[in-house]
Amino acid sequence: MTFELTPYARAMGIAQAHFDDGLPVLVLPFEQIVVGRPGTLHGGATSGLLETAGYAALRTELDRAGRLARLKPINVTVQFLSAARPEPTYAIGRVTRMGRRNANIDVEAWQHDRHRPIATAVMNVLMIDDSSADDAAG
Amino acid sequence: MDERPTFAADGFDVARAAALMLAQGHAGWLGLRYHAHGPDWAELELPWRADLIGEDARQVLASGPIVSLMDMASGMSVWIKMGAFKAIATLDLRVDYVRPARPGHAVIGRVECYRVTRSAAFVRGMAHDGDPGDPVAHVAGCFMAIMGMRLP
């Protein structure tokens, strides 16, 4: 694993499932702690999984580019496409654009049918390059 | 003439509904607490907790639980505005993180439902960690009636 999940993500039960095309796929098991309306996944938990997958994708790309950076969220917009059922939910992020300061990331979540997303998100993340990494690069 | 209907909040017992909804599932796990409400708004609190932080090195609440807080407060503001509990689903939610919350601080989220139509409800709100004049996040979202229901 080239990235570390946040304490929040670990507490909610998010784990890395596998890699798809070189990008990490994360999984959120369906447990009582993520339930919203009875029998469905809470929108906040879905959002948490989407954001975590977005960060995982960005960490992976930064790693490949040899960059170390502190990440700070700028914003996230989540679209809920269908009610999530009581089953594991998967998510993958793709970095649409990585600049020096800002990364724009698209994220998709699905359940049993990979081709039927239950939610999507677009995120902007601020990257603050670690000064020691800058020195090493310079 | 403005044909928008108005609703009494009498039909929806906010404190009782909050106690039920916040006691279980994801909201219960996060420990969300009811704070206050008005004719078209709800305020909830997300207490600080060590396992909800976003970075191992900093004692700051992660962004994920703040989205959950704002989603719950959004739903409650819609029910309060309608004066009734109806099945609704979040269509979209945008969160702008204007600054990180302070280490060890709870986050308070207040959301206002500023418009309800037959099929959609629109909300906006903000989150702060002690001073409402210095927010940590702003949100905007849209909810839809589900299960064949109509709003209001």
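The values are calculated or read from the model by the stated rules, or taken from the named source; none is laboratory data. Because the structure is predicted, anything quoted here is derived from the model rather than measured. Please note: Cβ atoms are built from the backbone with ideal geometry, for glycine as well, and neighbour counts cover all protein chains shown. Just the protein is used for accessible areas: all its heavy atoms, side chains included, with ligands, DNA and RNA removed. Shrake-Rupley method; radii C 1.70, N 1.55, O 1.52, S 1.80 Å.
So if I average 1/r over every pair of distinct C-alpha atoms in the protein assembly as shown and take the inverse, what Kirkwood radius in Å does that give?
Working: mean 1/r = 0.0517 Å⁻¹.
Result for the protein assembly as shown, one decimal place: 19.3 Å.
Step through the residues of the stretch A:45-52 one at a time and calculate ³J(HN,Hα) from phi using the Karplus curve (6.51 cos²θ - 1.76 cosθ + 1.60, θ = phi - 60°), rounding each to whole Hz and writing x for Gly and Pro.
Rounded to whole hertz, the list is 5, 4, 4, x, 5, 4, 4, 4.
In chain A, which longest range has no trypsin sites (Lys or Arg not before Pro) that are both DSSP loop (not H, G, I, E or B) and surrounded by at most 14 other Cβ atoms within 10 Å?
Details: sites that count: A:Arg100, A:Arg101, A:Arg114.
With a cap of 14 other Cβ atoms within 10 Å, the longest stretch comes to A:1-99.
Would you list the P(r) distribution for chain B, with all Cα-Cα distances sorted into 10 Å bins from 0 and each bin expressed as a whole %?
12, 41, 33, 12, 2, 0
Can you show me the helix-derived [θ] at 222 nm for the protein assembly as shown, built from DSSP H runs with n ≥ 4 at -39,500 (n - 2.57) apiece and divided by the number of residues, rounded to the nearest 500.
-7500 deg cm²/dmol
Sorted by accessible area with a 1.4 angstrom probe, largest first, how do A:Asp63, A:Asp129, A:Asp21 fall? List each step's numbers first, then the result.
On the way: A:Asp63 85, A:Asp129 35, A:Asp21 145 Å².
Result, largest first: A:Asp21, A:Asp63, A:Asp129.
Spin-label point model (7 Å from Cα, Cβ direction): what's the B:His35 to A:Arg100 distance in nm?
3.9
Taking all pairs of distinct Cα atoms, average 1/r, flip it, and tell me the Kirkwood hydrodynamic radius of the stretch A:7-137 in Å to one decimal place. If you can, show how the numbers build up before the last one.
On the way: mean 1/r = 0.0661 Å⁻¹.
Answer for the stretch A:7-137: a Kirkwood hydrodynamic radius of 15.1 Å.
Taking all pairs of different Cα atoms in the stretch B:110-152, averaging 1/r and flipping that mean, what Kirkwood radius in angstroms comes out?
Working: mean 1/r = 0.0864 Å⁻¹.
Taking every pair of different Cα atoms in the stretch B:110-152, averaging 1/r and inverting gives 11.6 Å.
Is there a simple number for the mean count of other chain Cβ atoms within 10 Å of the Cβ of residues in B:17-26, and what is it?
Values: counts 0, 0, 0, 0, 2, 0, 0, 5, 12, 14.
Across the residues of B:17-26, the mean count of other-chain Cβ atoms within 10 Å is 3.
Once fully extended, how much extra length lies between A:Val27 and A:Phe3, figured as 0.36 nm per residue of separation less the alpha-carbon to alpha-carbon distance?
Values: separation 24, 0.36 × 24 = 8.64 nm, distance 1.48 nm.
So the extension gain works out to 7.2 nm.
Would you jot down the residues in the stretch B:89-125 that end up with at least 10 Å² less accessible area in the complete protein assembly than in the chain alone, with a 1.4 Å probe?
At a threshold of 10 Å² (probe 1.4 Å), the residues of the stretch B:89-125 that become less exposed are B:Thr90, B:Leu91, B:Asp92, B:Leu93, B:Arg94, B:Val95, B:Asp96, B:Tyr97, B:Pro100.
List, in order, the whole-Hz ³J(HN,Hα) value for each residue of the stretch A:86-100 obtained from phi through the Karplus relation with A = 6.51, B = -1.76, C = 1.60 and θ = phi - 60°; use x for Gly and Pro.
x, 7, x, 10, 10, 8, 9, x, 10, 7, 6, 8, 10, x, 6
Take A:Leu71 and B:Phe85, extend 7 Å from each Cα along the Cα→Cβ direction, and tell me the distance between the two endpoints in nm.
Distance between the two pseudo-spin positions: 3.8 nm.
At what distance in angstrom do the alpha carbon centres of the stretch A:100-132 and the stretch B:60-100 lie from each other?
Spelled out, the Cα-based centre of one part sits 20 Å from the other.
Rolling a 1.4 angstrom probe over the protein chains, ignoring ligands and nucleic acids, what is the accessible area of B:His35 in square angstrom, nearest 10?
Result for B:His35: roughly 80 Å² accessible.
For the stretch A:7-137, what % of the accessible area comes from carbon and sulfur atoms, probe 1.4 Å?
Details: 2950 of 5760 Å².
After summing per-atom areas, the C and S share lands at 51 percent.
At 1.4 Å probe radius, can you tell me the per residue accessible area of the stretch A:7-137 in Å²? List each step's numbers first, then the result.
Working: 5760 Å² over 131 residues.
Result: 44 Å² of accessible area for each residue.
Under 18 Å from a point placed 7 Å out from the Cα of B:Glu55 along the Cα-to-Cβ direction: which residues of the stretch B:85-104 have their backbone N that close?
So the set is B:97-104.
For a Förster distance of 22 Å, can you work out the FRET efficiency between the beta-carbons of B:Arg115 and B:His138, rounded to the nearest 0.05? The partial results should precede the final answer.
Details: r = 17 Å, r/R0 = 0.79.
It comes out at approximately 0.80.
At a 1.4 Å probe radius, which order do A:His112, B:His37, B:His26 fall into by accessible area, largest first? Intermediate values should be presented prior to the final figure.
Details: A:His112 120, B:His37 75, B:His26 0 Å².
Result of the area sort, largest leading: A:His112, B:His37, B:His26.
If I model a spin label as a point 7 Å beyond the Cα along the Cα-Cβ vector, how far apart are those points for B:Ile146 and A:Ile128 in nm?
Here the modelled spin labels are 3.8 nm apart.
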